[in-house]
1. Measuring from label point to label point, each 7 Å out along Cα→Cβ, what is the Trp61 to Ile131 span in nm?
2. Going out from 0 in 5 Å bins, what whole percent of all Cα-Cα distances in segment 42-184 drops into each bin?
3. Name the trypsin sites (Lys or Arg not before Pro) in segment 113-157 that are in a loop by DSSP and that have at most 14 other C-beta atoms within 10 Å, would you?
4. Set the Förster radius R0 to 22 Å, insert the Cβ-Cβ distance between Thr88 and Ala111 as r into 1/(1 + (r/R0)^6), and round the FRET efficiency to 0.05.
Amino acid sequence: MFKRKRVRFSILFVLHICVTLAALTAQADWQEVGLRMGIQAGPKREYFHQYEAFAVYGLPWSWRLPSGWGLGPQLNTAVGTLVGGNETGFIGSAGTGLSFNKPGNGIALEAGVNLNLLDRRQFGQQDFGSILLWGAYVGFSYRLTGGLGVSYRIQHVSNNRILYTSCTPNPGVDMHMIGFSWNF
């Protein structure tokens, strides 16, 4: 019995040391800030477009191959306006994502999920069912020499009926988003 406890303690102690060393050697920092604009992808009751300012914070872990290519987790935030049905409203988002890239200049593939908050649930005839929405995106970016970057993503925003009854409508909107950023 005592031997099993000692083995468990040893394993936990080694794991703790490894996690602590990884956290101390890992680098978390702001990676990117910029502006995005987008237009609706596909027909809806109303036509939508969106403008936003965004920031990306790189988390202190990454999984990299010897060549440098690998996955890096990140936190994404954005604030902006959603325009549709002759109405303009606030949209804010926060979430997590993964970026497959190589440090420095070049291309990065990105995907993530986020929580979105609107200041209203209805834009003209389009009722989103709630002001709290879920989002998902996939896209790519290209980091140019000197810190500038350009990006494209397709993103989906809807209530997904996760927090709502089956009586709540589940309309969403898909957007083609183009971004311009400064990379640190």
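Read-outs throughout are calculated quantities, based only on the coordinates presented, and are distinct from any laboratory measurement. Just so you know, these numbers come straight off a predicted model, no measurement behind them. Here Cβ is always computed from backbone atoms with ideal geometry, including for glycine, and neighbour counts include all displayed protein chains.
1. 3.4
2. Final binned percentages: 2, 9, 17, 22, 17, 12, 9, 7, 3, 1, 0.
3. Here the trypsin sites (Lys or Arg not before Pro) that fit, given the DSSP loop and packing criteria, are Arg120.
4. 0.15
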